[in-house]
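Structure first, commentary second.
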Amino acid sequence: MKEIKKLGLYIRSSTNNQDLLLQKDKLNIYINYLRNLNPNFEYLIKEYIDEGWSGRNMERPAFLRLINDLKNNSLNFVIVTKLDRLSRSLQDLLNTIKEIKDHNCEFIAIDNNIDTSTSQGRLLFHIIGSFAEFEREVIR
């Protein structure tokens, strides 16, 4: 019997007339890569799409559904094409990734080569977090 991995794919565009197809294609290519890499897993996929929402707004409907599913332990991974799809604010991004990790979920940003299930991905995430902390202290 295959182990089930639940993947939340988050897709966002700032305007209603932006094409989401590029993000969807990249995510599908990555899912196929995972399937080939780990044939012993079955992947259940749920898409969360916020079309026409700014990355600064943390009250996006699909984003809030994703966070709710995290809190209900309904996801093992949250996957985006790029970090800025999740948030345009570094502090909000760090808070969101912390929440993802707090709910025993992993985070992957395909284009940024961040995968918190790997040691390299965690290192890169911590480097980004260190720069954010430095930036906050400089601003103060």
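A few notes on this one:
- Close amide H contacts of residue 106 (hydrogens built in the peptide plane, cut-off under 5 Å, sequence separation of 5 or more or a different chain): 77, 78.
- Listed cross-link partners 24/71; 2/82; 24/98; 26/71; 24/46 are compared with a 20 Å cut-off, the Cα-Cα value being larger for 24/71; 2/82; 24/98; 26/71.
- Gain on full stretching of the segment that runs from residue 28 to residue 139 - 0.36 nm per residue minus C-alpha separation: 36.0 nm
- Remark: spin-label model distance residue 35-residue 20 equals 2.1 nm, labels positioned 7 Å along the Cα→Cβ axis.
- Sequence-distant residues sharing a close amide H with residue 47 (under 5 Å, placed H): 9
- Restricting attention to the chain, close to 10% of DSSP beta bridges with both partner residues there are antiparallel.
- Remark: the range 29-81 carries a charge dipole of roughly 100 debye about the Cα centre, counting +1 on each Lys and Arg Cβ and -1 on each Asp and Glu Cβ.
- MRE, 222 nm, helices only [DSSP H, n ≥ 4, -39500 (n - 2.57), over the chain, to nearest 500]: -15000 deg cm²/dmol
- Pairs of Cα atoms nearer than 8 Å and 6+ residues apart set the relative contact order; for the range 8-99 it is 41 percent.
- Alpha-carbon centroids, the range 53-109 and the range 10-46: separation in whole Å: 15
- Computed with a 1.4 Å probe over protein heavy atoms only, the accessible surface of the chain comes to 59 Å² per residue.
- Here each label is just a point 7 Å from Cα along the line to Cβ, and for residue 68 and residue 91 those points are 2.7 nm apart.
The values are calculated or read from the model by the stated rules, or taken from the named source; none is laboratory data. No experiment lies behind these values; they were computed from the predicted model shown. Note that we place each Cβ from the backbone using ideal geometry, even for glycine, and neighbour counts take in every protein chain shown. These accessible areas exclude ligands, DNA and RNA; they are computed on the full protein's heavy atoms, side chains included. Shrake-Rupley method; radii C 1.70, N 1.55, O 1.52, S 1.80 Å.
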